[in-house]
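Notes follow the structure.
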Amino acid sequence: MKNTSFIYSTLALLSAAFIPDAAAQDASYLDFLRWQQEPVSIVTEESSTGGSRAKQAELRFTIDWNGLQVAPQQTAAIVPVLVTADGSQTYSFAPVFIDGRTRAKAVDRMEVLSGIGRPEGSTVVRPYEKDTPAQIEYVSRIAYDPAMLDGRIVFYETVSGCAGCIEGEDSLSVGDVLPRYVPDWRFSATPAGGVKQREIRERADLKFKVNLHGIDPAFADNASVLDKVMSSMRMAADSSIYTVTAVRFIGYASPDGPEQFNRELALRRANSLADYVKSSGEAVSGSLFTVESVGEDWEGLFAAAAADPQIAGNATLDKVRGMLTEGNWAECERLLKSDTGLYGHLREKVLPSLRRTEYSIEYNIRQFSAEEAAQLWSSRPELLSVDEFKAAAGLCGKDSPEYLEILLTAAHTYPDDPAALNTAATALYEAGRLAEAGKLLEGRGEPLLQNTLGVIRAGEGDYGEALRLFESASASGNSEAAHNLTELENVMYQL
């Protein structure tokens, strides 16, 4: 059999005499013994076949006899007991019996006559015998129970005389044992957040007269559509905050009619919107404009049809989707028109929405100081980078009510940014809000976030899930997860 020990206690009272309780009786021998205690450990015996047995708590100490003589008619029975931290449970190790000469003979005679001896595993000390060593090693094991963690060892002594009558009782509190393992969880360094490059992409649902491309602000709802376009342009033109890098106008057509005509008409209508914005003279420089045409928007058609319960799953639509290629759009259109019921619904409910111009504004946002970020985080969070959110939170301080609120705003502003998520989740963990922290990271596959979620799950006591997360992150090369995996194994060993 091979013994493997995992040592938890650092209690080592070597060559130190313990001080007995003040209530000790004159008949006690605890006053005169010198105990040398080694750590209490949790051990597991492994068999030669590789199978493991249940964990056991092992207590070791040395009795330093130091020439003490025992009254001939007395036996001192000393039982080491592990008392739980709250005192609600006790666990007894094998007793120690210290016999006087006469009492020893009586004990031996009783064992021969009755067949009843001392409990199995007992340590028997008979100081009067010449071969009794000056120091006696004690080892005892009992079934391990996690409730033993943070417990203490107490020696309980009963001294009996010649007739077995009790002549004295005493106890000695030795010290704390089996401290609960306190893991050193490590979080991965949070990377810098992404750069502040943005893109506004909107659609301008301008209405045009049939086959024409000129914009009439008074036609249909064009005035409100143009107001929205110009509002976006004026916002981007604010050079105190933004630097516009590109403005794109993209024309789309519905897949009905000649393909080339549709493509050119969509391009002309996109150019009309670009010219309208240029002519305003109050927005972004026209030198940044580009105009293009997608032409017939088949993908938009399929998406709109799938969302329409009246035609979703239509066999003709499915057939068209399966056969559509770059060169057979006209054939696909003819097939759609052959299903008159379907095409009538498309012409009335779907095709008009596909004729549109989309515009995008690509821009950078200037950097803000921590002081500026602290003023902007609640009113204009979209202007701040993850790092600027962190700077604002740092300026407010961890003890401020705004600290967590700022970091959570960053996570909500950038729900896919690992830096924002990790910073907010770590702060929630440190604040004891583990459920919220875990919810923020659920389903994420980045090793950085898996490691943090593993720490959170371990804090919640979900060691199985923590183990899975640490193993996954560690396999991806995350060194903190590899460290935490070892820490978790140490915690789980005590369970």
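Among the residues of region 427-457, the one identified as surrounded by fewer than 21 Cβ atoms within 10 Å (Cβ to Cβ) and closer than 24 Å to residue 383 by Cβ is 427.
Does residue 366 satisfy being under 22 Å from residue 265 (Cα atoms), touching a residue at least 60 places away in the same chain (Cβ under 8 Å) and either outside the structural domain of residue 266 (by TED's automatic domain parsing) or of a type outside the set (Val, Ile, Thr) (or both)? For residue 366, the condition - under 22 Å from residue 265 (Cα atoms), touching a residue at least 60 places away in the same chain (Cβ under 8 Å) and either outside the structural domain of residue 266 (by TED's automatic domain parsing) or of a type outside the set (Val, Ile, Thr) (or both) - is not met.
Looking for something small (Gly, Ala, Ser) and modelled with pLDDT of 80 or more - is there at least one such residue anywhere in region 42-51? No, because not a single residue in region 42-51 is small (Gly, Ala, Ser) and modelled with pLDDT of 80 or more. Of all the residues in region 160-207, those that are assigned to a loop (DSSP other than H, G, I, E, B), within 30 Å of residue 351 (Cα to Cα) and touching a residue at least 60 places away in the same chain (Cβ under 8 Å) number 2.
Taken together, the criteria place residue 145 among residues that are of a type in the set (D, E, K, R) and closer than 15 Å to residue 42 by Cα.
Within region 322-340, restricting attention to residues that are over 52 Å from the mean Cα position of the chain (by Cα) and under 14 Å from residue 258 (Cβ atoms), the residue that is surrounded by the most Cβ atoms within 10 Å (Cβ to Cβ) is 333. When 382, 402 are screened for being at pLDDT below 95 and in a helix (DSSP H, G or I), only 382 passes. Residue by residue through region 429-479, note down the ones that are hydroxyl-bearing (Ser, Thr, Tyr), more than 21 Å from residue 398 (Cβ to Cβ) and outside any loop (DSSP other than H, G, I, E, B). Matches in region 429-479: 463, 472, 474, 479. Here's a check for you: in region 81-102, which residue that is in contact (Cβ under 8 Å) with a residue 40 or more places away in the chain and under 19 Å from residue 126 (Cα atoms) is surrounded by the fewest Cβ atoms within 10 Å (Cβ to Cβ)? Filtering first and then ranking leaves 102. Taking region 55-76 as the range and being surrounded by fewer than 19 Cβ atoms within 10 Å (Cβ to Cβ) and within 21 Å of residue 166 (Cα to Cα) as the test, the residues that pass are 68, 69, 71, 72, 73.
Mind telling me which of the residues 79, 107 ends up being assigned to a helix (DSSP H, G or I) and of a type outside the set (Gly, Ala, Ser)? Explain how you work it out, then say what you get.
Working: 79 fails: assigned to a helix (DSSP H, G or I).
Criteria check complete, one pass: 107.
When you scan region 260-356 for helices (runs of 4 or more DSSP H) that lie fully inside it, which ones turn up with 1 or more residues that are touching a Phe, Trp or Tyr at 6+ places or on another chain (Cβ under 7 Å), among the hydrophobic types (A, V, I, L, M, F, W, C) and closer than 23 Å to residue 225 by Cβ? Don't jump to the end; show me each part of the working.
On the way: elements: 298-306, 315-323, 329-338, 340-345, 351-354.
Those helices (runs of 4 or more DSSP H) span 351-354.
On inspection, residue 161 qualifies as modelled with pLDDT under 90, of a type in the set (Gly, Ala, Ser), buried (at least 16 other Cβ atoms within 10 Å of the Cβ) and more than 30 Å from residue 366 (Cα to Cα).
Looking across region 341-383, the residues that are of a type in the set (D, E, K, R), under 29 Å from residue 206 (Cβ atoms) and surrounded by 14 or more Cβ atoms within 10 Å (Cβ to Cβ) come down to 347, 349, 355, 356, 358, 362.
Restricting the search to region 141-159, which residues are within 24 Å of residue 56 (Cβ to Cβ) and either touching a Lys or Arg at 6+ places or on another chain (Cβ under 8 Å) or part of a strand (DSSP E or B) (or both)?
Of the residues in region 141-159, the ones within 24 Å of residue 56 (Cβ to Cβ) are 141-156.
Passing the criteria: 141, 142, 143, 144, 149, 150, 151, 152, 153, 154, 155, 156.
The values are calculated or read from the model by the stated rules, or taken from the named source; none is laboratory data. Small disclaimer: the values here were computed from a predicted structure and weren't measured. As a convention, Cβ positions derive from the backbone with ideal geometry for all residues, glycine included, and neighbour counts pool all protein chains shown.
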